[in-house]
Amino acid sequence: MKKKRLNPIYNFERKKPEANLKNYYTILLESGLILALLIITVLVRINLTASDTEVIILDEQEAIEMEEIVQTRQIEQPPPPPRPPVPVAVPDDYIIEDVDIMIDAEIDFGSHLAVPPPPQQEEEEEEEDFFVVVEQMPELIGGLQSIQSEIRYPERALRSNIQGRVYVQFIVNERGEVENPEVIRGIGGGCDEEAIRVVKNAQFQPGMQRGRPVRVQFYIPVIFRITEGY
């Protein structure tokens, strides 16, 4: 038994002319372009900026204080004074020419002149009326032995065992007498006073200068020595 083959039945309907899209190609292209232009125009006119205002915060700049610079000035030192001229010896036979001095200053004889105070008179220093060295110096009459024999040893010096030399300075006047004796080097213990006492009683031959007696400064040593007699 033969099988029957089923063949598909194609029912081809004839297309309508209105369904052909090729007929509307130009219109669709123009419509698409117009729609694209409208969209672009709308997008351009839309404000795309942010609604909130952006605040820009700037860092605070450090304040710079301008200091006034004092301009220093170098002090000019005055030049040193010129050296004084060296004096030149003038021979005796050299004639010095007269120099005319021109005085242009005007003097007002009617004005009061300030008179300076008188100079203070300085006290005249007392001149020494004695010599230190003369042609013939004074001579002690009897020598130093005449003075040493008059010494009375002070008890304080004996108890303290004080010995030594006392130098006495004095003036021998024109008559050979002793004036103003004073100790210039002593040993104490009463010996200084005893030396002045014995010197006051001494006699001298006065000093001579140009053949006449004069006052002369003189000094002698007075010796204090403890011996067996004391």
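Bear in mind that the values in this text are calculations on the coordinates, not laboratory data. These numbers were taken from a predicted model, which means no experiment stands behind them. Note: ideal-geometry Cβ built from the backbone for every residue, glycine included; neighbour counts use all protein chains shown.
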Filtering the stretch 142-197 down to residues that are more than 60 Å from the chain's Cα centre (by Cα), within 17 Å of VAL216 (Cβ to Cβ) and crowded, with 17+ Cβ neighbours inside 10 Å yields GLY176
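Filter the stretch 198-219 down to residues that are within 20 Å of PRO154 (Cα to Cα) and surrounded by fewer than 18 Cβ atoms within 10 Å (Cβ to Cβ), then give me how many there are.
Taking the stretch 198-219 as the starting set, the residues that turn out to be within 20 Å of PRO154 (Cα to Cα) are 198-202.
Now restrict to residues that are surrounded by fewer than 18 Cβ atoms within 10 Å (Cβ to Cβ): 200-201.
Looking only at that region, the number is 2.
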Every listed condition ((1) within 23 Å of GLU139 (Cα to Cα); (2) touching a helix residue (DSSP H, G or I) at 6+ places or on another chain (Cβ under 8 Å)) holds for ASN201 save (2)
Among all residue pairs at least 6 apart or on different chains, which show Cβ distances below 9 Å where the first residue, located in the stretch 169-189, is closer than 20 Å to MET208 by Cα and the second is surrounded by fewer than 19 Cβ atoms within 10 Å (Cβ to Cβ) and hydroxyl-bearing (Ser, Thr, Tyr)?
-> GLN169/TYR219; PHE170/TYR219
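For every residue, the table says whether it meets (1) assigned to a helix (DSSP H, G or I); (2) not β-branched (Val, Ile, Thr).
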position: GLU194; (1), (2): yes, yes
position: MET208; (1), (2): no, yes
position: PRO213; (1), (2): no, yes
position: ILE220; (1), (2): no, no
position: THR227; (1), (2): no, no
Looking at the stretch 129-143, is at least one residue out of contact with any strand residue (DSSP E or B) (no Cβ under 9 Å at 6 or more places or on another chain), closer than 30 Å to GLU228 by Cα and assigned to a loop (DSSP other than H, G, I, E, B)?
-> yes
